Amino acid sequence: MIEGTIALIGRPNVGKSTLFNRLVKERISIVNDTPGVTRDRIYGNFEWLGRNFAVIDTGGITQEKLPFQQLIAYQANIAMQDASVIIFIVDGKVGATEDDEFIANILRRSQKPVILAVSKTDDGHLLDRLYDLYSLGFGEPIGYSGLHGVGVGDLLDKVNELIPITKAKNNKEKEISFSIIGRPNVGKSSLVNAILNEERVIVSEIEGTTRDAINTTFKRNEKVYTVIDTAGLRRRGNIGDEIDRFSNIRTINAIENSDIVVLMLDGHEGVRELDKNIVGYAIQAEKPIIIAVNKWDLVIKDSFTMATFTDTLKKEFQFLEYVPIVYISALNNQRVQTLFDQIDIVYNNANNRVQTSVLNDILMDLQMRNPASNFNGGRIR
């Protein structure tokens, strides 16, 4: 049971993602020297002294006019609202900056418990700089190194102290996890926001806005689901930089960790060759698949349009003839319930155990319909 949530807040490139990855013991958040790599809220879980916590990595807050900065600040603000404790991270090699002072003012208004964490202090002589950071107004700074783990235990002891112990509940609900994959700008993030009825992820007409795989657990019709929004997958030759490569790897990991994969297509643009390449990752991972045709509100329709489009999909995806197809508009939140109807059906079918006797009867029937050829005086069994 998650007993509390910690938000990692700070300006760009102070080491928030490095600490996040160390806590969850997995390279989930992208770490790169380029400021502004982390854009959305990234969630993870970790355990400390027998207690389970959630941690949120956020984009760097700055007064500079960087791309997506207004949306990054908005997402970080939501993370602060969700948090039980905020870890305010400052770069120990640089000391307090104007951006740090700007963030400190925001945190004071949040009225949440704040721990001042000073990163990159594995070099002993930098510890003397900690005293200069009392001016930020959050008490005693705690020095640590996210890269080497020095001082992280002291940081987590402080977290443990600030979050009250809660009693565990015995009723653990089964949840269905599904990832949404597709090429850039087909509406994956819009669908997540429509499902959750909030601006959970940044939506923009600029391709590649989502960089990380973003998990959110929610309840719908008394059932628990986890939706994973993923970065738009590109052709291998079009993966231009290190950040895009990590985003693709993260999307593939999200597919591996899902019960069901939803392939989202742009109904207005139709099927592209890249769509076939993308769904190959789900097939390779042997995951149940649902095709969701988005932006159906933009398609000029008559009484035969849906049937015609379905026939086209079955021809384009001949290897996925068994896959259910739903038609939705994520932007207008239309027919989204039909997606959940199929998720429930596909999940139950994927987890249905076929009895050995039934399987033997099916195989026997197939052998009678298609008998093996004679070989060496008898039939092959």
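No lab work stands behind these numbers, since they all come straight from the coordinates. All values derive from a computational prediction rather than experimental measurement. Here Cβ is always computed from backbone atoms with ideal geometry, including for glycine, and neighbour counts include all displayed protein chains.
Details
- Sorting the segments 183-189, 272-278 by their residues' average number of neighbouring beta-carbon atoms within 10 angstrom, most packed first, yields 183-189, 272-278.
- Projecting label points 7 angstrom from Cα along Cα→Cβ for LEU274 and ILE165 puts them 5.3 nm apart.
- Extended-chain gain in nm, criterion 0.36 nm per residue less alpha-carbon gap, ASN351 and GLN334: 3.3 nm
- Positive end of the dipole of region 297-381 (Cβ unit charges, origin at the Cα centre): among LEU313, TYR327, GLY377, the Cα lying farthest that way belongs to GLY377.
- Values of log10 I(q)/I(0) for region 86-146 across q = 0.20, 0.29 Å⁻¹ run -0.68, -1.31, by the Debye formula with one identical scatterer at each alpha carbon and no solvent.
- Beyond 19 Å in Cα-Cα separation lie the following of the pairs LYS174/LYS219; LYS276/LYS315; LYS25/LYS287; LYS223/LYS287; LYS65/LYS112: LYS25/LYS287; LYS223/LYS287; LYS65/LYS112.
- When you count the other C-beta atoms within 10 angstrom of each residue and take the mean per peptide, 331-342, 294-305 line up highest first as 331-342, 294-305.
- Assigned charges on the beta-carbon of Lys, Arg, Asp, Glu; region 63-115 dipole about Cα centre (debye): 180 debye
- At q = 0.13, 0.21 Å⁻¹, base-10 log of I(q)/I(0) for region 260-329 (Debye sum, equal scatterers on each alpha carbon): -0.34, -0.88
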